[in-house]
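Trainee: Please find one structure pasted underneath; my questions will follow.
The values are calculated or read from the model by the stated rules, or taken from the named source; none is laboratory data. Since the model is a prediction, treat every value here as computed from it, not as a measurement. Here Cβ is always computed from backbone atoms with ideal geometry, including for glycine, and neighbour counts include all displayed protein chains. For accessibility, only protein heavy atoms count, side chains too; no ligands or nucleic acids. Shrake-Rupley method; radii C 1.70, N 1.55, O 1.52, S 1.80 Å.
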Amino acid sequence: MSSLYFTEEHEMFRASFRDFLQKEVVPHIEKWEKTGTIERFIWKKFGEMGFFGLTYPETYGGLGLDLFYTVIFLEELQQIKSSGFAAAMWAHAYLAMTHLQAEGDERIKQEYLADSISGDKIGALCISEPFGGSDVAGMKTTAVKKGDQYIINGSKTFITNGVYADYYVVAAKTTPELGNKGISIFLVDAKSDGITATKLDKLGWRASDTAEISFDQVSIPAENLMGEEGKGFPYIMQHFALERLIMAINAHARAEFALNYTIQYMSEREAFGTTINKFQALRHTMVEHATDVEHCKLFNYAAVARLIQGEYVVKEATMAKLKSTEVADETIYSCLQMLGGYGYMEDYPLARLFRDSRLGPIGGGTSEILKEILSKMIIDQKSYNPAVKK
């Protein structure tokens with residue numbers, strides 16, 4: 001690992017977390033992949049070990065560590081043959097909880113953020129809608145204020161932890177006629193009347209609970225508005241930088257896992273009287289992918305370092321996700337090919353990894369959307385600014 005970004009303390013944490021995953025998570029992965037349900041006890045164990053609170057304030061039970069501990073958290077989760085399990089963990093810790101920390105008031109932080117850090121509550125971020133996808137500004141879900149309540153109507157889809165969750169962080173339009181300037185963010189208890197969560201059947205991420213959620217006249221206290229009314233869109237855009245970096249780090253880590261596994265396999269697999277790692281065509285293919293992955297990894301680390309310094313890295317994060325997820329897909333495709341027929345078998349990790357990786361260029365903004373965002377920034381010279389803090 002690069003000493004430019006990782007200290008001895010970082011690497012001690014990596015070893016400790018890796019050991020935890022092998023002992024507490026890996027023995028259950030195959031069951032969770034088959035059932036599509038991650039048992040509740042593991043959330044509590046993550047909380048007890050402090051893994052959900054790495055970067056969060058000590059006031060709420062967090063550890064107050066730097067973002068490179070999160071990088072390690074993400075990278076190691078990609079080494080245990082279940083991107084679905086990994087997604088459930090990081091979506092809770094860095095999608096839902098990020099909004100609690102940034103926009104939640106003190107009551108919300110005490111009641112929800114603290115319990116999220118301890119693993120007693122599971123959160124889900126609800127932005128994407130059926131037929132809306134990456135068009136956040138075009139969302140149809142509404143929140144109408146009536147006295148001291150907001151009434152929420154609409155639906156969300158592709159929501160990670162949608163069925164597991166104890167609470168939702170929901171984006172809804174409080175002033176629909178204002179378009180993206182009329183979006184607000186709310187905390188919604190998952191047990192509220194009028195909520196229906198339907199689990200979706202996916203190509204990959206089988207252990208992850210992904211749901212479509214409907215809100216039918218769901219009444220919540222007005223104090224559950226997070227941040228300022230009408231500021232939801234800039235809040236979402238601001239946090240997208242972190243989400244895209246997370247997706248990018250996941251991508252380079254799973255690609256690296258695939259490469260390491262495949263190179264080891266090639267050193268043991270014999271054909272035509274020698275191990276297949278001696279064939280030039282195969283060697284050069286692996287080297288090309290390893291080079292691409294290393295480039296992505298170092299770019300991603302540099303973007304994280306700039307984010308830690310307080311820079312608004314929306315462009316770099318968008319580039320990171322765009323490139324890293326596509327490189328991961330290409331790398332894993334070739335790695336599966338190197339295993340021949342065995343790569344197609346479920347007994348080997350590449351088949352699952354191949355399916356899981358395909359979500360990379362889709363989730364958190366499709367590659368096509370990211371290219372258009374970058375086109376506006378690079379060609380049209382459009383600038384994006386962070387939300388004004390409340």
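Trainee: Can you name the residue in segment 363-372 that is open to solvent by 30 Å² or more (accessible area, probe 1.4 Å) and either in contact (Cβ under 8 Å) with a residue 12 or more places away in the chain or touching an Asp or Glu at 6+ places or on another chain (Cβ under 6 Å) (or both) and is also nearest to Met247 (Cα to Cα) among such residues? Break it down stepwise before answering.
Mentor: The initial filter retains those residues of segment 363-372 that are open to solvent by 30 Å² or more (accessible area, probe 1.4 Å), namely 366, 368-369, 371-372.
Narrowing further to those that are either in contact (Cβ under 8 Å) with a residue 12 or more places away in the chain or touching an Asp or Glu at 6+ places or on another chain (Cβ under 6 Å) (or both): 366, 369, 371.
Numbers: Thr366: 11, Ile369: 15, Lys371: 16 Å.
Only one residue tops the list, namely Thr366.
Trainee: All but one of (1) part of a helix (DSSP H, G or I); (2) open to solvent by 50 Å² or more (accessible area, probe 1.4 Å) hold for Ala303; which doesn't?
Mentor: (2)
Trainee: Could you say which residue among Ala93, Ala124, Ala114 is of a type in the set (A, V, I, L, M) and outside any helix (DSSP H, G or I)? Spell out how you get there, then give the answer.
Mentor: On the way: Ala93 fails: outside any helix (DSSP H, G or I); Ala114 fails: outside any helix (DSSP H, G or I).
Unique residue meeting the criteria: Ala124.
Trainee: Please determine, by comparing only the residues of segment 264-276 that are part of a helix (DSSP H, G or I) and open to solvent by less than 40 Å² (accessible area, probe 1.4 Å), which one is farthest from Ser3 (Cα to Cα).
Mentor: Applying the first criterion (part of a helix (DSSP H, G or I)) to segment 264-276 yields 264-268, 276.
Then drop every residue that is not open to solvent by less than 40 Å² (accessible area, probe 1.4 Å), which leaves 265-266, 276.
On the way: Tyr265: 29, Met266: 30, Ile276: 34 Å.
Here the residue is Ile276.
Trainee: Let me ask you something else. Grab the strands (runs of 3 or more DSSP E) fully contained in segment 140-187, keeping just those with 2 or more residues being at pLDDT 95 or above and open to solvent by 40 Å² or more (accessible area, probe 1.4 Å).
Mentor: Details: elements: 142-146, 149-160, 167-173.
In segment 140-187, 142-146, 149-160 are the strands (runs of 3 or more DSSP E) which contain 2 or more residues that are at pLDDT 95 or above and open to solvent by 40 Å² or more (accessible area, probe 1.4 Å).
Trainee: Find all pairs meeting these conditions: Cβ atoms under 9 angstrom apart; at least six residues apart or on different chains; first residue within segment 45-58 and more than 14 Å from Phe73 (Cα to Cα); second residue in a helix (DSSP H, G or I) and of a type in the set (Asp, Glu).
Mentor: Pairs found: Lys45/Glu24.
Trainee: May I ask you to list the residues in segment 46-68 that are of a type in the set (Ser, Thr, Tyr), crowded, with 19+ Cβ neighbours inside 10 Å and assigned to a helix (DSSP H, G or I)?
Mentor: Keep residues of segment 46-68 that are of a type in the set (Ser, Thr, Tyr), which gives 55-56, 59-60.
Narrowing further to those that are crowded, with 19+ Cβ neighbours inside 10 Å: 55-56, 60.
Matches in segment 46-68: Tyr60 only.
Trainee: Taking Gln22 as meeting all but one of (1) within 28 Å of Gln309 (Cα to Cα); (2) surrounded by fewer than 15 Cβ atoms within 10 Å (Cβ to Cβ), write down the number of the exception.
Mentor: Result: Gln22 passes all but (1).
Trainee: Ok, one more. Among the charged types (D, E, K, R), assigned to a helix (DSSP H, G or I) and more than 18 Å from Met247 (Cα to Cα): is that true of Lys376 in this structure? Talk me through it step by step, then tell me what you get.
Mentor: Working: among the charged types (D, E, K, R): yes; assigned to a helix (DSSP H, G or I): yes; more than 18 Å from Met247 (Cα to Cα): yes.
It is true that Lys376 is among the charged types (D, E, K, R), assigned to a helix (DSSP H, G or I) and more than 18 Å from Met247 (Cα to Cα).
Trainee: Go through (1) under 20 Å from Gln238 (Cβ atoms); (2) in contact with a Gly (Cβ under 8 Å, 6 or more places away or on another chain); (3) of a type in the set (Gly, Ala, Ser) and name the single condition Ser128 misses.
Mentor: Single failed check for Ser128: (2).
Trainee: Between a first residue in segment 87-101 that is hydrophobic (A, V, I, L, M, F, W, C) and a second residue that is open to solvent by 10 Å² or more (accessible area, probe 1.4 Å), which pairs have beta carbons less than 6 Å apart while being 6 or more apart in sequence or on different chains?
Mentor: If the second residue must be open to solvent by 10 Å² or more (accessible area, probe 1.4 Å), the pairs left are Ala87/Thr160; Ala87/Trp205; Ala91/Thr160; Leu95/Leu125; Ala96/Leu125; Leu100/Tyr112.
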